[in-house]
Each structure stands twice: as C-alpha cells, then as structure tokens.
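Okay, structure first, notes after.
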Amino acid sequence: MASVLVTDGHFRKTLAVVRSLGRRGIHVTVGERTFLNTSFFSKYCAKRLVYPSLRRFPNQFVEFLLKEVKKNPYDCLFPMEEETLLLLAKYHSEISQYTYLLSPDLKKIEFVRDKRNLMEFAGTHGIPTPKTFYHPPSSTLWSNETNSTGRALPLDSIPIPAVIKPRISSGSFGIVYVKKKEDLIPSYQSVHERYPFPIIQEWIPDGGGTYGLSALFDEASNIKAAFVHKKLRMYPVQGGPSTLREGVEHSQMMELGLSLLRSLNWVGVGMVEFKVDPRDGIPKLMEVNPRFWGSLQLAIISGVDFPYLILRMARGERLEPILRYKVGKRCRWLLLGDILHFLNNPNRFHLHPSFFHFFDPQTSYDIISKDDPLPILGSAATFFTFLYDPEMKRFLGRR
C-alpha cells in the first residue's frame, strides 16, 4: 500500500490532500504541533503525528521529520505551509534520500516571496503588473514601471488610491489601502515599522475579477497540470483568500501564469494570482504562492488532482499534461471564511450567488462533507487554537 506524510494538519488544503489520497486507499499520515487540528479528525487520516513547533523549535522539527521518514517508508512528503516548505527545502537533498519531496530550491522560493523581486522579474518577461513603487533605505520613492531611468520620483507620481504591501508576507497580512494622498506617508511608515521597505502599488479597481492559475511542474520544469479558478468571494472582503471560487476556462490567464512559471524554471506546485484591470481588460500580476493554495479542493473536484499526480510522479509514472478540466464547479469555505465575508460585506443580502444558497449541486465545501463529517469539529478546534495561541493567530485568515 502506498503511504504519504502530510504536514500542517490545521489547514483546509491539508484536509483536501488527506481526503483525495485517503479515498484512493492510500495510507495518509498527518503531522501537526497539536492534536487539536482539522485533518486529525478526518476518517482518511490513518496515522497522527504530533511534532515540535516549527517556529519555536525548527531544529527539533527537522530532526523529528528526518527520523520519521528514515524509520517509515513514505512514498511522498507533502509540506503544506510556506514556512514548512522553506525549512524543508534547506534539507531537500537529505530528505530526498528517504522519500520523494517535490519542491523548488530554496533560493527560488525566497525569490518569488519577495514582491519586489517578483514584480521586477515579471516586468522584464512581459507579464503585466500594477504600477509599482519602491522605497530604498536612503532615497525617495522609485518606480520600475514609470521611470526606466531609475531617478527618484516625487510623491505626486504615485496614483491614489494605492496599496501598500509588505515585500514578504502571506495572505492579506500587512496590506494597507490608501485612499487619500495625505495618508500615504503615515500609512507607509506604519507598515514599514513591521515589514521593512514595503512596496507601493496602484490600486486595481474591482470589476474585472481575481483569478488564480495553479500549476504542477516536474524536476525538469515540464508542465504536468494546470487549473484556473475565479474568486467569487474573499475574506477580507476587499482582497484575501477566497471563500467561494469557481473553476473557469481562461486561456489568457493560463498562458500568462504558465509563461511566468516557465521563465522561473519552476519545479513543483505554484499558484499565480492575477486581478483583471477593468480599465483596460488586462490581467495584472498580484503574487506567486510557491506552495499549495487554500482553494486546492476545487481543483481536485474539477478533475485536476494535484496531490495524486505528485504521488504518481513519486512512483516514476509517466504523466501526460492535464490542461483540460470540468468548468463551472464551485467550492466554498463556509466555516468560517464565507461567514466572515457575509458579516463584513455591506451588500451581504445582495450577493451573487446568495450566501444562503447552501444546496447548489455544483457547489462543494472545503470542510463540510457527508462522507467525512468530523473535520467540522476539528476545524472548530483549530479556530480556538488559532484564537488563543499567539503563535497561530496570524494564520486565522489563511485557514
């Protein structure tokens, strides 16, 4: 029987992996720093590991996982969270002696996490981006878009409204929206205190839609699968992880996302997010996630089973690229993402589709499942763990 090890049991994307592989009869071991997590409650979780906290005890965490993969014959290791991926990428060669670990190298992961690096790289490879401004330590504001000479730019060159983003962050953490010119400097300074030298971008108006291109590449950077989804609702409402999303066919989004990842010589999974600018209809690059994404369940139910494809790669099977899939499927993060969207959206009673449209046959749920109901309890346990544990509070928006 095939056997896999999956980290970060708190997250709904981890539950998606557990269910996908467990339903195929694969022995799934899940690890987390506490028993109170979503995936431990799944009937498809065959074995549960409580390991040392990655943030508090990174060396002990690595030692624990190395000991586990040496002792037990796992076909594949799935690091689900970005911090886990970063740490294990440092030990890729050692881990790979005992199990299959498909991931970009550490420098590549760190490169795309830095939004300045990413925007500059995208601009030189023909990928549209919002107008982006940088603030070197001892200079005025700079732009790689509107001033190719590299000379300093006056504040008046920055369009308002604007968005201030940490160079390195995940989800919507640290992002500030500036609607008034006089708020730009104090807002920048506020973000800068927590996230040094953030970037400033023009705000792309709503109306064009936000999309994600998810992809899988092998060790030679050959495409093995790709999937496009559209965010229908998010939390935070103005921009964050999707609480309701739909699988779509969008050739331009597919082409742009794959072009960027190919230019990076990408390996493993990655998700490229775009927001379509309604002023010109052009998708603008928002970010690249070098890890599994929160909406993974939608890709799986649409016919692009990324976890199972990686397991097949671990077995050495030859895969034909999967670039076609069922469109129109939807997936919903009701607990607690879509509830929070509803509570914070002033147009909550005029949503399309309605928040109260619970039994749409085309809509599945990230956590709720008749076949596997107990992760609902695990999700509640995870929520309270995140709420009362300072180490975990920052993950509340990413569950």
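Nothing in this text is a laboratory measurement; each read-out follows from the coordinates by a stated rule. If you're wondering where the values come from, they're calculated on a predicted model, not measured in any experiment. Neighbour counts run over all protein chains shown; Cβ positions are idealised from the backbone, glycine included.
If I stretch the segment between I185 and M1 completely, what's the gain in nm (0.36 nm per residue apart, minus their alpha carbon distance), one decimal?
Gain on extension, I185 to M1, equals 60.3 nm.
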Amide H contacts under 5 Å for K284, restricted to residues at least 5 apart in sequence or on another chain and with H modeled in the peptide plane, are K275, V276, D277
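Provide the gained length on full extension for the span I282 to T34, in nm with one decimal, where the gain is 0.36 nm per separating residue minus the Cα-Cα distance.
Values: separation 248, 0.36 × 248 = 89.28 nm, distance 4.43 nm.
Extra length available between I282 and T34 comes to 84.8 nm.
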Footprinting proxy, K47, K107: sorted fewest to most Cβ within 10 Å, the residues are K107, K47
Karplus-derived 3J(HN,Hα) from phi for region 338-353 (6.51 cos²θ - 1.76 cosθ + 1.60, θ = phi - 60°), whole Hz, x at Gly and Pro, runs 6, 5, 5, 4, 4, 5, 9, 9, x, 9, 4, 8, 10, 6, 10, x
Computed over the chain: longest principal axis from alpha-carbon atoms vs helix 58-71 long axis, angle to nearest 10 degrees, is 40
So, with points 7 Å from each Cα along the Cβ direction, the F173-K67 label distance in nm works out to 2.8
Rounded to the nearest Å, the spacing of the alpha-carbon centers of region 307-323 and region 114-136 is 33
For G268, the residues 5 or more places away or on another chain with a placed amide H closer than 5 Å to its own amide H are F217, D218
Expected sort for R113, R312, R324 with the fewest Cβ neighbours (10 Å cutoff) up front is R324, R312, R113
In whole angstrom, the spacing between the Cα centers of region 243-278 and region 1-68 equals 28
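Starting from the Cα-Cα distance between E320 and H357, subtract it from 0.36 nm times their residue separation and give me the gain in nm to one decimal.
On the way: separation 37, 0.36 × 37 = 13.32 nm, distance 3.72 nm.
Between E320 and H357, full extension yields an extra 9.6 nm.
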Given unit charges at Cβ for Lys, Arg (+) and Asp, Glu (-), the dipole magnitude of region 210-368 about its Cα centre in debye, nearest 20, is 180
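Among DSSP beta bridges whose residues both lie in the chain, state the antiparallel percentage, nearest 5. The partial results should precede the final answer.
On the way: 42 of 58 bridges.
Here the antiparallel bridges make up roughly 70 percent for the chain.
If we count other beta carbons within 10 Å of each Cβ, what is the order of F40, F173, fewest first? Walk me through the intermediate numbers first.
Details: F40 24, F173 16.
Starting with the residue having the fewest Cβ neighbours, the order is F173, F40.
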Of Y177, Y44, Y235, the most mobile residue in a GNM of the chain (C-alpha springs, cutoff 10 Å) is Y177
Zone reached by a paramagnetic label modelled 7 Å from N265 Cα along Cα→Cβ, restricted to region 79-121 with backbone N below 14 Å, covers 104-109
Answer in debye to the nearest 20: the dipole magnitude of the chain about its Cα centre, from +1 Lys/Arg and -1 Asp/Glu charges placed on Cβ, is 600
